[in-house]
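Worksheet: one structure, shown below.
The values are calculated or read from the model by the stated rules, or taken from the named source; none is laboratory data. Everything numeric here is computed off the predicted structure, so don't read it as measured data. As a convention, Cβ positions derive from the backbone with ideal geometry for all residues, glycine included, and neighbour counts pool all protein chains shown. Just the protein is used for accessible areas: all its heavy atoms, side chains included, with ligands, DNA and RNA removed. Shrake-Rupley method; radii C 1.70, N 1.55, O 1.52, S 1.80 Å.
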Amino acid sequence: MNENESIVSLLQEVQAKNGYIPKDEIYRIAAEKGVSPAKVTGVATFYSQFRLSKPGKNLILLCKGTACHVNSADGIAAALKEELGIGGGETSADGLFTLEFVACLGCCSLSPVMMINGVAYGSLTPEKAKRIVREIRDSNDGKGA
Amino acid sequence: MLRIVVGMGSCGVAAGAGRVKEALERAGAKPGITGCVGACYLEPIVDLYEGAELKRRLVKVAPEDAPAIAAAVESGDLAGVERLAISAEDEEFLSRQTRIALRHCGVIDPESLDAYRAADGYKALEKVLGMTPEAVIEEIKVSGLAGRGGAGFPTWFKWNAARNAKGDEKYLICNADEGDPGAFMDRAVIESDPHSLIEGMLIAAYAIGAKEAFVYVRAEYPLAIVRLEKALGDARAAGILGKNVLGSGFSCDIRIKAGAGAFVCGEETALIESLEGSRGMPRLKPPFPAEKGYLNKPSNINNVETFANVAWIILNGGAKFAAMGTENSKGTKVFALTGKIRRGGLVEIPMGLTLREVIFGIGGGIRDGKRFKAVQMGGPSGGCIPESLLDTRIDYRELGATGAIMGSGGMVVMDETTCMVNMAKFFLDFTARESCGKCVHCRIGTRRLHEILTRITEGKGREGDVELLEELCRGIKDGALCGLGQTAPNPVLTTIRYFRDEYDAHIRERRCPAGECAALRKFKIDPAKCKGCGACARKCPVKAIAGEPKKPYAIDPAKCIGCGSCEAACRFGAVAKA
Ligand SMILES: Cc1cc2nc3c(=O)[nH]c(=O)nc-3n(C[C@H](O)[C@H](O)[C@H](O)COP(=O)(O)O)c2cc1C
Ligand code: SF4
Ligand code: SF4
Ligand code: FES
């Protein structure tokens, strides 16, 4: 048994390469592992990290953990909605941003916190959050990174 | 010349430590790095060392401060940076702690094996390789070390069971899933002192007879994965990890497995399912992992903080560890102090201190002059402890008696502006989404709890809702297979137990005493403070605000939906809850 090739690991590889899990890859993994595509889909949909559709150029993870909740993460979510027009799990119309809610980024002392493309931004206010995404959008020239 | 060290844990980086480090480099300095010292509220932190002695700790450093720091180090005259030096009061946040699991965090360079070795690293492993596995387990037994992942089970007992289980193929697993939102000590240990985790794991692997080990790390911790990967590589290259550990004939390798985002995978049997590549759904126990774990082979699972204590215990003796704490709870425990606290971060203290000593003594109490209301411990499995119980000691049993739990060490502090019904709703939203779906009571019961809590916070609560919640809670506790479901009612039960008046106010008076529930609050403008700028009126989504420029504006209470946009918009503090 080579668990380097567990279904979870294979899906992680695919997502690392594509940013999401294209449908074809689910069939390929199923064939490779000798299991049904339903089983692979079952695994892919069980874990929140796996995405089945193409994300925007910039991935925003907004923390909605306990510490961030107590320090008004909902206000940051509202600010991002105002600025980008998207809620959790949605991608902006220009394809630049995908917003996802996560349960804790481990920077609770700096709550509320969001992480954009792996970089954490702490002690957010609604204004600061808007400014950060605006800066990224402007540096992207509207075309993406 | 003084040595400059920048704190580069995730929280430091989030506060801007990366930019500070770059600025220092531009200013001609050669800064080294360290992990997280745990005083997160003071980040970014820059330490100045003379040899091994900390000369000055500079806090809340900005990139603009870099030239002054570089110049001070160059000249040896620190006058130019004294304004950044940590205050005596903040110094106490650290000096009042007793650090064992965090002993190297924020002190040594986490990316350097040499630095770890210079701090007595891998000496405990050397010692253990000359002992019998039974003697190692006995030392851990003497220490009284209990699992830091939540359940608090005696560590020696689990090691012994795995050691005695039949079979030659045994596995050791480190649980670094750290699912409690509000806890981050495991992340800090891996990012700041990865070799101490590796050393603790190798000692455990030797004790139980495992040749293969895994660290299951939460996907949201990219930096921890990078640092651990490097540490594993360095240890392997130095002959500490892999075949023939330190020439002893004992072999064990450790691999990283990244999680994929599911809270339930922190539960040990679900974690094993996930490691095997399946949906992370808990298994029925028994058989326990010690008998049938990963690939149905005997396995032992411990938490990161548990492992981080092991090398210290071996070097200093179990008795020294057991000398700290209470009758039932030995040694130290790390807490992540967050929320409405003045000084937030990681706090490691001997068991037996009271909650008051931790929250008010070390944490400095509530910020912004507000009043303490409750502390949430144990995350989604735990509960809210009120002010009247602040003298409860940090002890597995005493905390358990409050209805909360020690848990993994999350301590989220709340003030008078936090609504306790909304807090319960927050946790049930979490558990309802994270329920794996195997058990009906957990899958559907948590949803129903969430629905009832939602209607209460929306001012649609009914007489009898509290009793209904309690009845559902009992059913879920009885009908759930794993700890997630069994403990999911705790946030509801403890808030009902200690804050019944808040539930009643929502249900009977349609009032949220904390003023947090939007459906139950209104805003008004103080004419004395209003400058008539109109900013609030432009933000109001329902056009409830009107007025003439330069004259006080007013909110129509019949239209106001309590969203609070106006309060956020006003720069003069003229808007307040009615
Ligand atoms: C729903 C659920 C989530 C859990 N999450 C974690 C976790 O994130 N980290 C952890 O170490 N233990 C977690 N546990 C506890 C583990 O099942 C297990 O008891 C622990 O990892 C054993 O290690 P220890 O004895 O060193 O504490 C969780 C338990 C449950 C029921
Ligand atoms: S109690 Fe909940 S999370 Fe645990 S096995 Fe049952 S359904 Fe899954
Ligand atoms: S934003 Fe403040 S100052 Fe301006 S009109 Fe509204 S209440 Fe008055
Ligand atoms: S709760 Fe938001 S980072 Fe931990």
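Among the residues of region B:329-336, at least one is within 14 Å of another protein chain (Cβ to nearest Cβ), part of a strand (DSSP E or B) and of a type outside the set (G, A, S). Inclusion of B:A23 among residues that are out of contact with any Lys or Arg (no Cβ under 8 Å at 6 or more places or on another chain) and surrounded by fewer than 24 Cβ atoms within 10 Å (Cβ to Cβ) is warranted.
Scan region B:447-460 and give yes if some residue there is among the small types (G, A, S), buried (at least 19 other Cβ atoms within 10 Å of the Cβ), within 24 Å of B:T431 (Cα to Cα) and away from ligand 1 (no atom under 16 Å from the Cβ), otherwise no. No, region B:447-460 contains no residue that is among the small types (G, A, S), buried (at least 19 other Cβ atoms within 10 Å of the Cβ), within 24 Å of B:T431 (Cα to Cα) and away from ligand 1 (no atom under 16 Å from the Cβ).
Residues in region B:517-536 include at least one that is within 14 Å of another protein chain (Cβ to nearest Cβ), within 16 Å of ligand 3 (Cβ to nearest atom) and in contact (Cβ under 8 Å) with a residue 12 or more places away in the chain.
Against the criterion of being at pLDDT 95 or above, within 15 Å of ligand 1 (Cβ to nearest atom) and away from every other protein chain (no Cβ under 14 Å), B:E348 does not qualify. The residue pairs whose first member lies in region B:42-55 and is more than 14 Å from chain A (Cβ to nearest Cβ), whose second member is part of a loop (DSSP other than H, G, I, E, B) and of a type in the set (V, I, T), and whose beta carbons are closer than 7 Å, counting only pairs six or more residues apart or on different chains, are B:V46/B:V61. Scanning region B:243-287 for residues that are open to solvent by 20 Å² or more (accessible area, probe 1.4 Å), in a loop (DSSP other than H, G, I, E, B) and within 11 Å of chain A (Cβ to nearest Cβ) returns B:E276, B:S278, B:R279, B:M281. Restricted to region A:5-81, the set of helices (runs of 4 or more DSSP H) holding at least 3 residues that are open to solvent by 40 Å² or more (accessible area, probe 1.4 Å), more than 9 Å from chain B (Cβ to nearest Cβ) and without any contact (Cβ under 8 Å) to a residue 40 or more places away in the chain comprises A:7-18, A:23-33, A:37-46.
The criterion of being in contact with a strand residue (DSSP E or B) (Cβ under 8 Å, 6 or more places away or on another chain) and assigned to a helix (DSSP H, G or I) does not hold for B:V412. Restricting attention to region B:489-543, the residues that are of a type in the set (F, W, Y) and more than 29 Å from the chain's Cα centre (by Cα) add up to 1.
Scanning region B:86-118 for residues being over 16 Å from B:I190 (Cα atoms) and crowded, with 16+ Cβ neighbours inside 10 Å gives a total of 5. Against the criterion of being away from ligand 1 (no atom under 15 Å from the Cβ) and under 30 Å from B:L172 (Cα atoms), B:N328 qualifies.
The set of residues in region A:42-68 that are more than 16 Å from ligand 1 (Cβ to nearest atom), within 24 Å of B:G437 (Cβ to Cβ) and more than 17 Å from the chain's Cα centre (by Cα) comprises A:G42, A:V43. Remark: B:A135 matches the filter, which requires a residue to be within 17 Å of B:I203 (Cα to Cα), without any contact (Cβ under 8 Å) to a residue 40 or more places away in the chain and not charged (D, E, K, R). Is there a residue being in contact (Cβ under 8 Å) with a residue 24 or more places away in the chain, under 15 Å from the mean Cα position of the chain (by Cα) and more than 26 Å from B:A224 (Cβ to Cβ) anywhere in region A:96-103? Within region A:96-103 (the criterion being in contact (Cβ under 8 Å) with a residue 24 or more places away in the chain, under 15 Å from the mean Cα position of the chain (by Cα) and more than 26 Å from B:A224 (Cβ to Cβ)), the answer is yes, since at least one residue qualifies.
Residue check: A:R134 meets all listed conditions (1) more than 16 Å from ligand 1 (Cβ to nearest atom); (2) within 12 Å of another protein chain (Cβ to nearest Cβ) but one, namely (2). Within region B:387-399, does at least one residue satisfy the condition of being among the β-branched types (V, I, T) and either within 16 Å of ligand 4 (Cβ to nearest atom) or away from every other protein chain (no Cβ under 14 Å) (or both)? Yes, the conditions are met somewhere in region B:387-399.
Counting only helices (runs of 4 or more DSSP H) that sit completely within region B:100-201, those holding 1 or more residues that are touching a helix residue (DSSP H, G or I) at 6+ places or on another chain (Cβ under 9 Å) and among the polar types (S, T, N, Q) correspond to B:133-143, B:155-164, B:185-192.
The C-beta contact set for region B:161-189 (first residue open to solvent by 20 Å² or more (accessible area, probe 1.4 Å) and within 16 Å of ligand 3 (Cβ to nearest atom), second residue in a loop (DSSP other than H, G, I, E, B) and among the polar types (S, T, N, Q), distance under 6 angstrom, 6+ apart or interchain) is empty. In the set (1) among the acidic types (D, E); (2) within 18 Å of B:G382 (Cα to Cα); (3) over 25 Å from the mean Cα position of the chain (by Cα), B:E458 fails one condition alone, (2).
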